[in-house]
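The values are calculated or read from the model by the stated rules, or taken from the named source; none is laboratory data. Computed from a predicted structure; not experimentally measured. Here the Cβ is made from the backbone with ideal geometry for all residues, glycine too, and neighbour counts use every protein chain on show. For the accessible areas, the whole protein counts, side chains as well, though only heavy atoms, and no ligand, DNA or RNA atoms are used. Shrake-Rupley method; radii C 1.70, N 1.55, O 1.52, S 1.80 Å.
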Amino acid sequence: LKECEDAPLVLYLCGDTDLNRQRVISIVGTRKCSEYGREVCRQFISALKRYYPDTLIVSGLAYGIDICAHRSALDNGMETVGVLAHGLDTIYPSMHRTTAADMVRHGGGLLTEYTTRTKPDKMNFVHRNRIVAGICDACIVVESSAKGGSLITAELASNYNRDVFAFPGRIYDECSAGCNSLVKRHQATLLTNVEDLIETMGWHNPL
């Protein structure tokens, strides 16, 4: 994050995870994801586990693709970090409290720049996205409508010189409009499987 001109001055972490490990992947997407998006997310993380089980999965603990990424990481025994738009004294949305506790218990964590008693105001989520974008080696958009926070995160990641990837979808699906546009405008690399990521990133295939 020191490479980012608007990096936070301080970060608060609940958990004991290593944020500076060799491979960190941010996975983002729409809150109103489809079953296709959830399945893509689950299969991708499962495949990534076979190659690089020590990869840290980062997302925003929100509804939709975010929580799917966190839970898929947990299901595969991988550490995952949620970047919050409020202080560590609360969890928003509250229904993700159990997942958040599991993330910390299994070696991941909760990360925020906000102090205790900071409310989850709308602008905090926009500011939070720059941490999701900057902390990773690669930012992956699974599903996104034509406008949304995940596209902001992708743009930030690109501005930070991070690799940006997007899974394509059917041309008539609203949830895929943003991803298809990113690829069409050459703002993201088309991603269809984990091997695409490994090849583009220049990672050595350990299998």
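Observations on the model:
- Scanning region 37-59 turns up no residue that is hydrophobic (A, V, I, L, M, F, W, C), surrounded by 16 or more Cβ atoms within 10 Å (Cβ to Cβ) and assigned to a loop (DSSP other than H, G, I, E, B).
- Within the option set Val132, Val126, being assigned to a helix (DSSP H, G or I), on the phi < 0 side of the Ramachandran plot, under 16 Å from the mean Cα position of the chain (by Cα) and at pLDDT below 95 holds for one residue only, Val126.
- Residue count for region 141-167 under the criterion of being farther than 15 Å from Ser59 by Cα, open to solvent by 40 Å² or more (accessible area, probe 1.4 Å) and either assigned to a helix (DSSP H, G or I) or not hydrophobic (A, V, I, L, M, F, W, C) (or both): the result is 6.
- Answer residue from region 168-185, given it is without any contact (Cβ under 8 Å) to a residue 24 or more places away in the chain and more than 20 Å from Asp137 (Cβ to Cβ) and is most open to solvent (accessible area, probe 1.4 Å) among those: Tyr172
- Residues in region 73-95 that are assigned to a helix (DSSP H, G or I) and out of contact with any strand residue (DSSP E or B) (no Cβ under 8 Å at 6 or more places or on another chain): Asp75, Ser94, Met95.
- Only one entry of Val126, Val132, Val194 meets the criterion of being open to solvent by less than 60 Å² (accessible area, probe 1.4 Å), in contact with a Leu (Cβ under 7 Å, 6 or more places away or on another chain) and either without any contact (Cβ under 8 Å) to a residue 24 or more places away in the chain or β-branched (Val, Ile, Thr) (or both), and that entry is Val194.
- Selection from region 42-80 of residues that are within 19 Å of Gly29 (Cα to Cα) and in contact with a Pro (Cβ under 7 Å, 6 or more places away or on another chain): Tyr63
- Answer residue from region 114-123, given it is without any contact (Cβ under 8 Å) to a residue 60 or more places away in the chain and of a type in the set (S, T, N, Q) and is least open to solvent (accessible area, probe 1.4 Å) among those: Thr118
- Residue check for Leu111: in contact (Cβ under 8 Å) with a residue 12 or more places away in the chain, in a strand (DSSP E or B) and either of a type outside the set (Lys, Arg) or open to solvent by less than 40 Å² (accessible area, probe 1.4 Å) (or both): yes
- Subset of region 1-16 that is modelled with pLDDT of 95 or more and in contact with a Gly (Cβ under 7 Å, 6 or more places away or on another chain) - its residue that is nearest to Ala154 (Cα to Cα): Leu13
- Taken together, the residues in region 1-41 that are in contact (Cβ under 8 Å) with a residue 12 or more places away in the chain, among the polar types (S, T, N, Q) and over 25 Å from Pro93 (Cα atoms) amount to 1.
- Residues in region 1-36 that are surrounded by 15 or more Cβ atoms within 10 Å (Cβ to Cβ) and in a helix (DSSP H, G or I): Tyr36 only.
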